[in-house]
Structure formats: C-alpha cells, structure tokens
1. Seen from all sides and averaged, what is the projected area of the convex hull of the Cα atoms in segment 46-141, in nm²?
2. For segment 264-389, what is the relative contact order in percent, using Cα pairs closer than 8 Å and at least 6 residues apart in sequence?
3. Each residue of segment 81-88 in turn: what ³J(HN,Hα) in whole Hz from Karplus with 6.51, -1.76, 1.60 and θ = phi - 60°, glycine and Pro shown as x?
4. Can you put ASP166, ASP383 in order of Cβ neighbours within 10 angstrom, beginning with the fewest?
5. For GLU179 and LYS286, what does the FRET efficiency come to when R0 = 30 Å and r is the distance between their Cβ atoms, rounded to the nearest 0.05?
6. Would you mind getting me the FRET efficiency between VAL156 and ALA390? Use the beta-carbon distance for r and R0 = 45 Å, nearest 0.05.
7. Among DSSP beta bridges whose residues both lie in segment 46-141, state the antiparallel percentage, nearest 5.
8. What FRET efficiency comes out for the pair SER365/LEU78, r = Cβ-Cβ distance, R0 = 45 Å, nearest 0.05?
Amino acid sequence: MIVAMRTLILFFAVAVALAGCGDPLPAGDRVDADPLSGLIEQANEQTLFHQIELKVSTPLAAGMIYVYQYLQGEVSLLESRRYDNPDPELNLAYSAPVSSDDSAVLVHIVAAGLSAGRPDEYVCFAALDHSTSRHNASIACDLASTVTYYLAGDSVGMSGEHPFHDIEYRLPLWKALNEVRENDVVAFYVSVFGTLQNTLAGMGRDRFDQTRHSLRPVMETIITQFVDQYQRQGHITSTDLVTIANAVIDNALPIERITRYQTIYDTYAHIEDVGLKNTGGSLTQKVSQIELLTMASEVGRFYLRSSPFEMSDYRTHIVQNIRHHDSDTGLQIRWDPIPHMYGYNTYFNGQYLGYTRIPELQLESGAKGTVTIKAVGYAGEFDGVHHELAELSLLAGVSADAE
C-alpha cells in the first residue's frame, strides 16, 4: 500500500514537470503573476481633498449652473443645479493627486427657472493653486468672461455639449485675456461683441436653444470670421459685422436695426465700465463732432456711425504693459495680449527666442538684458517693444517695469 502511494505521487510529480516543459501560453492568454499590482499602485497613490467656496456673480438672477473640474487634462462634471437668487454661492469638493500643482473650476450658466425663455449663456473659470487645500474664489460669469472665452478659442463647440471641449488649448489665453479686462482693446471687443450677443439674445428668444441651437457656437463663429476679416483688411465696420452675423444666422433676425436706430442700440448696448488709458489715438475713425474719448463714444461711433475699427491705432498691433518678476521657476515676463493677433515673436538681447501664442515668456532667474516682443498677425511681424530687465532704480525712483 505504501509502495502504491509513492508510485502515485511520483506519477503526479512527473506529470506536472512535463506540463511545465510544454509550449508557453500565448501572450494574450497569459495570466499576470500579480493581477492586483496595478490596483494596489492606484490605491497607494496619495491624494489631497480640496474644498472650494465659490462665489459667482452673473447678470442672470436665476438659471441653471453647471460646474466642471479641470484636472490633469481631464474635464468632469462636479455639480449641476438650478439657482433662483442673484450671485449664487457654491461649496465644492474634490480629491486631486498630491503631485498636481493646480486645477480649475469651469462654470457654465444658462437661463432656467425664473429666467426661462431666454437664450442667454455665460462661462467663466476659477484657477486653483494646490499649494493649499482650502480655496475661496469670487468670479464674474458675465459678458466679459464670455467674450474673452470666445476670443481664446481654437475650435467652435456644439450645441448640447459642454463648452469646455478644447479647454487645454483655450484656458491659458482665456486666463490672460480675462486678467486684463481693462485693457483698451480687450474692453472694446467685450463691448462690441457683448452688444451683439445682447441683440441676438433679445431678438432671438424663440430662435436659440441650449440643446438644439445654442447662442454660444453662433457667437464663436461670428467672432472668428470678424477677426479674420479685420486682420486681412486692416479695418472693419459694424456693417461688416452685421453682414457676417446675418450669414451665420441665415438672416433670421433683423439685427441690422441696431446700426440704424438709436433706440434699438440703447436697448442692447453693452459698454465696459473702463476709462481709456492710452489716449494718444482712437480705436475707431473719429468723426467731425467733438466727443469725449470714452469707451461709450468708441462703441457708439462703431455701431451708429459706421466708423471703422482700424488697425492703424498703435494699441491694435503694438504690445502694451510688459512687466517681469522673479519666481521659483525663473524670470517671468508677461504683457497684455492683443486679442486678434495670432501670437508673438520674442527676442532676448537681439537673439530670436521663439514664437508663443500665450503672452508670457520665461528666462533663467536673474537674466539681464533687453527683451523684445513683436506681435504677429496676418500681415506678418509688427513693430517690437523693448523691455529692460533691470533692477529697481533707487536713483531714478522708478521701476524697471515702466515703459
């Protein structure tokens, strides 16, 4: 009996050994030696819980608000809810990898509830620095944030989809434009296109719908064509803008009335509340009447008197407000973006550094010399602006950032 058992054990041992010497399993059929290793790595990845108190101001006193998280190149819906009180406050939270330096909260507001029946849409964002896990942010979801969103885009979105389809490309320039709302050219664009959006929304209450025919891609298309024509011609009028808009909406609305009747213009006009700082020129062609040099005068001339918006004004093609500061990563140089320009060529001490679409440049910490920035548009490279990277002059009593 003992001999028989030993023989049986030996037989099984030989069988196992022979099986191990057979052909290996095909690559697709192999079993991972440790199938839980990937899950264990993910579980061990450290994350930090972020809490955000977000205060939103918007022209819509009631509506639907959609909040998205933008983290490490991915967009995901955080919250959607209806609000019926002006300037809603949101308490948000999400976890992010400790290795992530920043993220952003993206907000899309549409009419709903007490404002139902209107096609208004607004977008805005709050950039979050992950050096802390508790965040307080106040953002304006208004025409300025929405128009700068249009101007920063790479492609036109689709009705019924969230507006942040190309946010990885759009956000850096959107942020730069949004930070300089009081820049003369940026404020002019916000006023002109804000007026047009008000007109389309007011006249087209039954024509636009967020899910089927959203106002957002319509505005993006109009602005893209407007900027392209302006670059090619060097000037553009409100008549041109109306022609472009009518082609996009298939002449469905009598929007040309805004250029013919003062009362219609007054109904829909949006004027950014900024004072023109660079008073050496006029963004639109001046008329014979004496007028105050204000944003209201500029926009009024553009719409009611067909005074063209001209590229000849230096603010439309010469970089403004170059400044620099040292940071942990190097010397940061920034300037006010020109919305219709394709980008900027950068030079350091006469040597070409490269082209950038975003109005910023980074050099080694402590770099000394002269930085030159030249805007690039359809006509090519425009005149450059020189900026000295020098320390604060105690003798002169002025900063090196001054022009």
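FYI, it's all coordinate maths here, none of it is from the lab. As the structure is a prediction and not an experimental result, all values here were calculated from the model. Cβ coordinates were reconstructed from backbone atoms using ideal geometry, including for glycine residues, and neighbour counts include every protein chain displayed.
1. Working: hull surface 22.7 nm².
The number I arrive at for segment 46-141 is 5.7 nm².
2. Working: 213 pairs, mean separation 23.8, N = 126.
RCO, segment 264-389: 19 percent.
3. Values per residue, Gly and Pro as x: 7, 8, 10, 10, 9, x, 6, x Hz.
4. Values: ASP166 14, ASP383 11.
Taking fewest neighbouring Cβ atoms as first place, the list is ASP383, ASP166.
5. Numbers: r = 30 Å, r/R0 = 1.00.
Approximately 0.50, to the nearest 0.05.
6. On the way: r = 44 Å, r/R0 = 0.98.
That gives a FRET efficiency of 0.55.
7. Values: 34 of 41 bridges.
About 85 percent, rounded to the nearest 5.
8. The calculated FRET efficiency here is 0.75.
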